[in-house]
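The next block holds one structure in the form of structure tokens; read it before the comments.
The values are calculated or read from the model by the stated rules, or taken from the named source; none is laboratory data. None of these values were measured; they are calculated from a predicted model. Neighbour counts are summed over all protein chains in view; Cβ atoms, including those assigned to glycine, are modelled from backbone coordinates with ideal geometry.
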Amino acid sequence: MTDWTIEELRGRKVIDRHGDSLGQVRDVLIDDAQWSIEGIVVDVNRDVAEELNLKTPLFGGTSLTLDKAHVDTVGDNVILSVSRTDLASKMGAPETTSAGGPSTGPGGPAP
């Protein structure tokens, strides 16, 4: 087991299970009663924020909090056990294709 400090985790690239970059670790959420990590805060790339229907400010970035259950491994990068599409469906955002555009189904493009 490797020990990491919060400072060492900040700035690491966050990658989904398909190898797509979602952004970078901004912070770590800690349960102070249990002294355990609860999740990570990710500064998401603009395209990911738009795909997940997150509000994107004119200046600054957009962040997303991910539960520790979504983290598969931590090394040079933080690798998630879920894909962008999985995150989008959990958040109620339109599904996307692997190319990043809206998927189409029997009823046409996703709302």
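Data table
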quantity	calculated
Sole residue being part of a strand (DSSP E or B) and modelled with pLDDT of 90 or more, chosen from 39, 11	39
Any hit, the range 85-93, residues being at pLDDT below 75, more than 17 Å from residue 41 (Cα to Cα), assigned to a strand (DSSP E or B) and not hydrophobic (A, V, I, L, M, F, W, C)	no
Residue within the range 20-30 that is more than 12 Å from the chain's Cα centre (by Cα), loosely packed, with under 13 Cβ neighbours inside 10 Å and free of Cβ contacts under 8 Å to residues at least 40 places away in the same chain present	no
Yes/no for residue 74 being modelled with pLDDT of 90 or more and over 11 Å from the mean Cα position of the chain (by Cα)	yes
Where a residue in the range 38-54 is among the polar types (S, T, N, Q) and surrounded by fewer than 15 Cβ atoms within 10 Å (Cβ to Cβ) and its partner, wherever it lies, is assigned to a loop (DSSP other than H, G, I, E, B) and modelled with pLDDT under 90, with Cβ under 9 Å and at least six apart	53/92; 53/93; 53/94
Which numbered condition residue 72 fails, given (1) buried (at least 16 other Cβ atoms within 10 Å of the Cβ); (2) touching a residue at least 40 places away in the same chain (Cβ under 8 Å); (3) part of a strand (DSSP E or B)	(1)
Any hit, the range 47-61, residues being part of a strand (DSSP E or B) and not aromatic (Phe, Trp, Tyr)	no
